[in-house]
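**Student:** Below: one structure in structure tokens.
The values are calculated or read from the model by the stated rules, or taken from the named source; none is laboratory data. Remember, it's a predicted structure, so these values are computed and weren't measured experimentally. We place every Cβ from the backbone using ideal geometry, glycine too, and count neighbours over all the protein chains shown. Please note that ligands, DNA and RNA were not included when accessible areas were found on the heavy atoms of the full protein model with its side chains. Shrake-Rupley method; radii C 1.70, N 1.55, O 1.52, S 1.80 Å.
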Amino acid sequence: MDELNDKRILITGSSRGIGAATAKLLAAEGAHLLINYRDKAKRADKVVADIEAAGGTASAVRADITDGDSVDAMLEGLDRLDVLVLNASGGLEKDADPEYALRLNRDAQVDLARKALALMPGRGRIVYVTSHQAHFADTVPGELDAYGPVAASKRAGETALREMIPVFTDHGVDFLTVSGDMIEGTITATLLERAQPGAISNRREAAGGLLTVDQFAEHVASAVTLDAQTGHIVFAGGTKGIA
Ligand SMILES: NC(=O)c1ccc[n+]([C@@H]2O[C@H](COP(=O)([O-])OP(=O)(O)OC[C@H]3O[C@@H](n4cnc5c(N)ncnc54)[C@H](OP(=O)(O)O)[C@@H]3O)[C@@H](O)[C@H]2O)c1
């Protein structure tokens with residue numbers, strides 16, 4: 001995929017954070033962005049308004065991706081999809097039950113990717129967004145205790161999606177992963193710092209600096225058109241201090 005004019009790109013969890021920043025970058029390149037939100041319609045509408053004010057086009061589409069019916073309803077409203085960016089993530093919420101991280105970070109990702117294929121006839125790309133702490137969870141001991149279950153669930157999600165690569169290929173869809181270290185100024189970084197004071201400054205030192213939301217979003221946006229083979233993994237900002 002070498003240009004984005006008129007391409008339809010759905011980004012899960014794009015009413016805030018990295019998803020919203022990525023959506024704005026891709027809309028500026030001519031794609032039509034589908035801004036998925038869970039329940040904060042006003043926040044998603046604001047991202048759409050920002051994109052339109054900058055000359056782009058976007059629509060807000062509601063779905064709790066852990067709810068199959070909600071995903072079905074969102075997809076029924078779409079006629080075509082060129083790119084799916086699996087960005088939505090979670091599990092650090094204080095009211096989350098112990099199985100929630102796996103339901104969101106593995107099962108919901110697989111469910112949506114499988115269903116989205118029907119809208120991507122013969123071509124397209126799926127981009128999975130993850131963290132280094134999750135990507136390397138099976139091989140590198142995690143230093144952020146509070147993030148452990150989330151990292152394990154996101155690793156399980158990445159593994160399950162990679163196992164689907166032959167199915168994606170059969171549909172003409174390729175699959176790329178973008179992984180990054182902790183990102184400066186995010187809610188996740190704030191929650192981890194609160195649970196483990198010094199956690200983020202330690203990561204910053206070990207990595208030789210952390211990316212900002214906008215810098216990481218540039219890597220995610222670039223992955224949409226990157227000339228790479230299916231299965232390729234982009235290590236945004238490198239892996240210094242972790243692998
Ligand atoms: N933050 C970091 O330091 C960091 C580092 C490396 C990689 N990443 C990756 O980058 C991605 C985005 O991270 P972020 O920091 O921008 O996350 P975030 O601020 O926590 O935003 C997560 C997004 O996912 C949405 N979401 C959560 N559960 C959902 C559900 N059930 N259905 C639909 N949407 C749901 C949220 O919607 P609501 O607003 O409705 O809750 C929110 O828009 C994640 O995959 C993360 O692993 C983050």
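**Student:** Select, from Ile183, Ile187, the only residue that is near the ligand (Cβ under 9 Å from one of its atoms) and open to solvent by 60 Å² or more (accessible area, probe 1.4 Å).
**Tutor:** Ile187 is the lone residue from the list that is near the ligand (Cβ under 9 Å from one of its atoms) and open to solvent by 60 Å² or more (accessible area, probe 1.4 Å).
**Student:** Against the condition under 20 Å from Ile11 (Cβ atoms), at pLDDT 95 or above and surrounded by fewer than 15 Cβ atoms within 10 Å (Cβ to Cβ), how does His232 come out, does it pass?
**Tutor:** It is true that His232 is under 20 Å from Ile11 (Cβ atoms), at pLDDT 95 or above and surrounded by fewer than 15 Cβ atoms within 10 Å (Cβ to Cβ).
**Student:** Quickly run through region 113-141 and pick out the residues that are within 13 Å of the ligand (Cβ to nearest atom) and either over 22 Å from Ala228 (Cβ atoms) or free of Cβ contacts under 8 Å to residues at least 60 places away in the same chain (or both).
**Tutor:** Correct list: Tyr128, Thr130, Ser131, Gln133, Ala134, Ala137.
**Student:** Please pick out the residue among Asp145, Asp170, Asp214 that is among the acidic types (Asp, Glu), within 14 Å of the ligand (Cβ to nearest atom) and open to solvent by 70 Å² or more (accessible area, probe 1.4 Å).
**Tutor:** Asp214
**Student:** Among (1) in a loop (DSSP other than H, G, I, E, B); (2) more than 20 Å from Val234 (Cα to Cα); (3) within 14 Å of the ligand (Cβ to nearest atom); (4) not polar (S, T, N, Q), where does Leu78 come up short?
**Tutor:** (3)
**Student:** When you look at Ala108, is it open to solvent by less than 10 Å² (accessible area, probe 1.4 Å) and within 9 Å of the ligand (Cβ to nearest atom), yes or no?
**Tutor:** yes
**Student:** Here are Ala58, Ala20, Ala73: which of them is more than 11 Å from the ligand (Cβ to nearest atom) and touching a helix residue (DSSP H, G or I) at 6+ places or on another chain (Cβ under 6 Å)?
**Tutor:** Ala58
**Student:** Then there's this: So which of Arg123, Arg155, Arg106 ends up being within 20 Å of Val220 (Cα to Cα) and at pLDDT below 95?
**Tutor:** After applying the criteria, what remains is Arg123.
**Student:** Within the set of pairs 6+ apart or on separate chains, which have a first residue in region 35-53 that is touching a residue at least 24 places away in the same chain (Cβ under 8 Å), a second that is of a type in the set (Asp, Glu) and within 11 Å of the ligand (Cβ to nearest atom), and C-beta atoms under 6 Å apart?
**Tutor:** Close Cβ pairs satisfying both conditions: Arg38/Asp64.
**Student:** Ala146 - would you say it is touching a residue at least 12 places away in the same chain (Cβ under 8 Å), more than 17 Å from the chain's Cα centre (by Cα) and over 28 Å from Val224 (Cα atoms)?
**Tutor:** yes
**Student:** Look through region 30-55, keep the residues that are closer than 22 Å to Thr130 by Cα and near the ligand (Cβ under 9 Å from one of its atoms), and return whichever of them is surrounded by the most Cβ atoms within 10 Å (Cβ to Cβ).
**Tutor:** Across region 30-55, the extreme among qualifying residues is Asn36.
**Student:** Right, here's the next one. Among the listed residues Arg194, Arg203, which satisfies the condition of being under 22 Å from Pro149 (Cα atoms), surrounded by fewer than 15 Cβ atoms within 10 Å (Cβ to Cβ), within 14 Å of the ligand (Cβ to nearest atom) and of a type in the set (Lys, Arg)?
**Tutor:** Checking each option against the conditions leaves just Arg194.
**Student:** Now, a different point. Given the options Val178, Val150, name the one that is more than 16 Å from Arg103 (Cβ to Cβ), buried (at least 23 other Cβ atoms within 10 Å of the Cβ) and either acidic (Asp, Glu) or within 13 Å of the ligand (Cβ to nearest atom) (or both).
**Tutor:** Exactly one residue qualifies, and that residue is Val178.
**Student:** Exactly one of (1) surrounded by fewer than 22 Cβ atoms within 10 Å (Cβ to Cβ); (2) among the aliphatic types (A, V, I, L, M); (3) more than 16 Å from the ligand (Cβ to nearest atom) is unmet by Ala27. Its number?
**Tutor:** Checking Ala27 against (1) surrounded by fewer than 22 Cβ atoms within 10 Å (Cβ to Cβ); (2) among the aliphatic types (A, V, I, L, M); (3) more than 16 Å from the ligand (Cβ to nearest atom), the one that fails is (1).
**Student:** For region 71-104, enumerate the residues that are more than 17 Å from the chain's Cα centre (by Cα), within 20 Å of Ser15 (Cα to Cα) and either among the charged types (D, E, K, R) or surrounded by 14 or more Cβ atoms within 10 Å (Cβ to Cβ) (or both).
**Tutor:** Asp72, Met74, Leu75, Leu78, Glu93
**Student:** Can you pull out the helices (runs of 4 or more DSSP H) entirely within region 87-188 that have at least 2 residues that are of a type in the set (S, T, N, Q)?
**Tutor:** Those helices (runs of 4 or more DSSP H) span 148-163.
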